[in-house]
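Visitor: Sharing a structure, written as structure tokens. Questions coming.
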Amino acid sequence: MSNRSIKKYFKERRVSYLGKTVLKDLTVDKPSEVKLIYPAIKKDYIIENYLLSETEDLLFFYKPPFMHSERVNPDDELCLSDIVSENFPDYHPISRLDFETDGIIAAMRRDVALYFQEKRYYAWVNGIINENFSFDKKVDASKRKKVKILSEKGDNILNFYVKKQSFGKTLLEISLNFAHRHQIRSILGYLGTPIVGDKLYGKGDWNRMLLQCYYTKINSYECILDNKKLIEREIF
């Protein structure tokens, strides 16, 4: 849990120790007696709205925007990891997407090894980009909030392809084998063409961040979103 969330729980008088309310940091002798009161998670979902395809070894799920991939705080709303663990306890998610990013997340059976992965994203960015390009600089994700682009060469090459241009914005397709945290977002912000709606690396100029993982291949299995969900046909 973040310090911000913990302070919020103290303020709301939701933390207790040995039956007494705790209002600030406290060193305890019996950690099992620390209690946090939080609302029950609402699980009134329809599994078919999330499960895209199923194989013996892998499951592919659709994560909508404004949903956490994994639980960050105890009182978060329904997360994709909740759906996986509740319906498929022998599988575990092997990737994650940012809160506002939508797209495909894979879950693998626990006794299966991962030997190959490929991902493709769509991103609407601010500015006109006329040529395809590649980017291989290293990213520093040691800071919790914001990723920094470094000068040395990294271990992961990203390929960017121009798909269309409209109203001063460009739709890019991005392909990569694996993604570091915020890698695509930080690169595009570093290049001066931040993703539309990105509040951290751009201006937050849309009602959501227009980044989507539309294709994933894990080992020999692949999954692609259907046309109704693709952001490349959504706006502009």
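Visitor: For V196, enumerate residues with amide H under 5 Å from its amide H, sequence gap 5+ or separate chain, H modeled in the peptide plane.
Guide: Placed amide hydrogens put W124, V125, N126, L210 under 5 Å from V196.
Visitor: In debye, nearest 20: dipole of the chain around its Cα centre with unit charges on the Cβ of K, R (+) and D, E (-)?
Guide: Rounded to the nearest 20 debye, it is 1260 debye.
Visitor: Let me ask you something else. Give the long-range amide H neighbours of N219: residues separated by 5 or more places, or on another chain, with amide H under 5 Å away, using H modelled in the peptide plane at 1.01 Å from N.
Guide: Y115, F116, Q117
Visitor: What number, in percent, do you get for the relative contact order of the chain if the mean sequence gap of Cα pairs under 8 Å and at least 6 apart is divided by its residue count?
Guide: Contact order relative to length: 17 percent.
Visitor: So what are the ³J(HN,Hα) numbers for the stretch 51-62, from phi and the Karplus equation (6.51, -1.76, 1.60; θ = phi - 60°), rounded to whole Hz, Gly and Pro as x?
Guide: Result, rounded to whole Hz: 7, 8, 7, 9, 10, 5, 9, 9, 10, 10, 10, 9.
Visitor: Hey, what do the phi angles of the stretch 161-174 turn into as Karplus ³J(HN,Hα) couplings, whole Hz, using 6.51/-1.76/1.60 and θ = phi - 60°, x for Gly and Pro?
Guide: 10, 6, 9, 6, 10, 6, 6, x, 10, 10, 8, 10, 9, 10
Visitor: If you wrap a convex hull around the Cα atoms of the stretch 27-159, how much volume per residue is inside, in Å³?
Guide: 211 Å³
Visitor: If each of V72 and E222 carries a label point 7 Å out from its Cα toward its Cβ, how far apart are those two points in nm?
Guide: If labels sit at V72 and E222, their model points lie 3.3 nm apart.
Visitor: Translational D (Stokes-Einstein, µm²/s) of the chain at 37 °C and 0.692 mPa s when Rh comes from the Kirkwood sum over C-alpha pairs?
Guide: 166 µm²/s
Visitor: For the stretch 159-228, give the magnitude of the charge dipole about the Cα centre (Cβ charges: +1 Lys/Arg, -1 Asp/Glu; no others), in debye to the nearest 20.
Guide: Rounded to the nearest 20 debye, it is 160 debye.
Visitor: Right, another one. Filter the chymotrypsin sites (Phe, Trp or Tyr not before Pro) in the stretch 1-79 down to the DSSP loop ones having no more than 15 other Cβ atoms within 10 Å, then list what survives.
Guide: Sites meeting the loop and neighbour criteria: Y45, F66.
Visitor: Debye sum, Cα scatterers, the stretch 1-66, no solvent: what log₁₀ I/I(0) at q = 0.18, 0.19, 0.27 1/Å?
Guide: These q points yield log10 I(q)/I(0) values of -0.75, -0.78, -1.24.
Visitor: Moving on to the next point. Once the Cβ-Cβ distance between Y190 and K164 is put in as r, and R0 is 25 Å, what FRET efficiency do you end up with, to the nearest 0.05?
Guide: Approximately 0.65, to the nearest 0.05.
Visitor: A follow-up question, please. So who's got an amide H within less than 5 Å of the one on D102, skipping anything under 5 residues away but keeping other chains? H placed 1.01 Å off N, in plane.
Guide: L211, C213
Visitor: Please compare each pair in K7/K137; K8/K146; K164/K199; K119/K143; K30/K63 to a cut-off of 28 Å on the Cα-Cα distance and tell me which ones are over it.
Guide: The pairs that break the limit, which is 28 Å between Cα atoms, are K7/K137; K30/K63.
Visitor: Between D205 and I37, how high is the FRET efficiency from 1/(1 + (r/R0)^6) when r is the Cβ-Cβ distance and R₀ = 41 Å? Nearest 0.05.
Guide: 0.60
Visitor: Still on this structure, I have one more. What is the gain in length, in nm to one decimal, between I46 and R181 on full extension, counting 0.36 nm per residue of separation less the C-alpha to C-alpha distance?
Guide: 45.7 nm
Visitor: Beyond 17 Å, what share of the Cα-Cα pairs of the stretch 160-236 remains, rounded to the nearest whole percent?
Guide: That fraction is 50 percent.
Visitor: Mind ordering 171-179, 112-120, 23-31 by average Cβ neighbours within 10 Å, highest first?
Guide: Highest mean packing first, the order is 171-179, 112-120, 23-31.
Visitor: Quick one: grab the alpha carbon gyration tensor of the stretch 128-205, order the square roots of its eigenvalues as a ≥ b ≥ c, and give me rounded if a/c is under 1.5, else prolate or oblate depending on whether a/b is larger than b/c.
Guide: oblate
Visitor: Determine the distance separating the Cα centre of the stretch 164-226 from the Cα centre of the stretch 26-92; give it in Å without decimals.
Guide: 24 Å
Visitor: Right, another one. Provide the per-residue ³J(HN,Hα) series for the stretch 120-128, in order, calculated from phi with Karplus coefficients 6.51, -1.76, 1.60 and θ = phi - 60°, each as a whole number of Hz, with x at glycine and proline positions.
Guide: 10, 10, 10, 8, 8, 10, 7, x, 9
Visitor: Is the stretch 70-125 rounded, prolate or oblate when judged by the Cα gyration tensor, a ≥ b ≥ c being the square roots of its eigenvalues, rounded requiring a/c under 1.5 and prolate requiring a/b larger than b/c?
Guide: Because a/c hits 1.5 or more and a/b fails to exceed b/c, the stretch 70-125 counts as oblate.
None of the figures in this text is laboratory data; all of them are computed from the coordinates on show. All values reported here derive from a predicted model rather than from experimental measurement. Positions of Cβ are generated from backbone atoms using ideal geometry, with glycine treated the same way; all protein chains shown enter the neighbour counts.
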